[in-house]
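Notes for the one structure printed next.
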Amino acid sequence: MGCLPAEARLRRPFRPSPSSWPTTGSIVQPDDAMIALGAELRFRCHQAGHALSDKLHDGDRWIAATALRLQIPLDSHDGVFGGTPGLELITATGDR
């Protein structure tokens, strides 16, 4: 069994305060149009055999539906978004 030095055991874990959280961004509330878009996206992904149609990716599908609803590209390295019908995907390298 390992043992931590005394000073390591006394330190509190780092937890950023809300004042250090990013200030850019918005909370998007789902409306009827977004809900319909999410359902349509699941159907289109299912037809295309895309992974976003799986229940496992419900959260990812909401992210994609939000980008589609706001008509903005999605900046992500998560491979599940690749090939999503109608979604413009941007990676940090600038690929579209």
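The values are calculated or read from the model by the stated rules, or taken from the named source; none is laboratory data. Predicted, not measured: the structure shown is a model, and the values here were computed from it. Positions of Cβ are generated from backbone atoms using ideal geometry, with glycine treated the same way; all protein chains shown enter the neighbour counts.
A few comments on the model shown:
- The range 56-96, subset among the polar types (S, T, N, Q), surrounded by 12 or more Cβ atoms within 10 Å (Cβ to Cβ) and more than 18 Å from Ile27 (Cβ to Cβ), residue modelled with the highest pLDDT: Thr84
- Subset of the range 44-96 (residues that are assigned to a strand (DSSP E or B) and of a type outside the set (A, V, I, L, M)): Asp75
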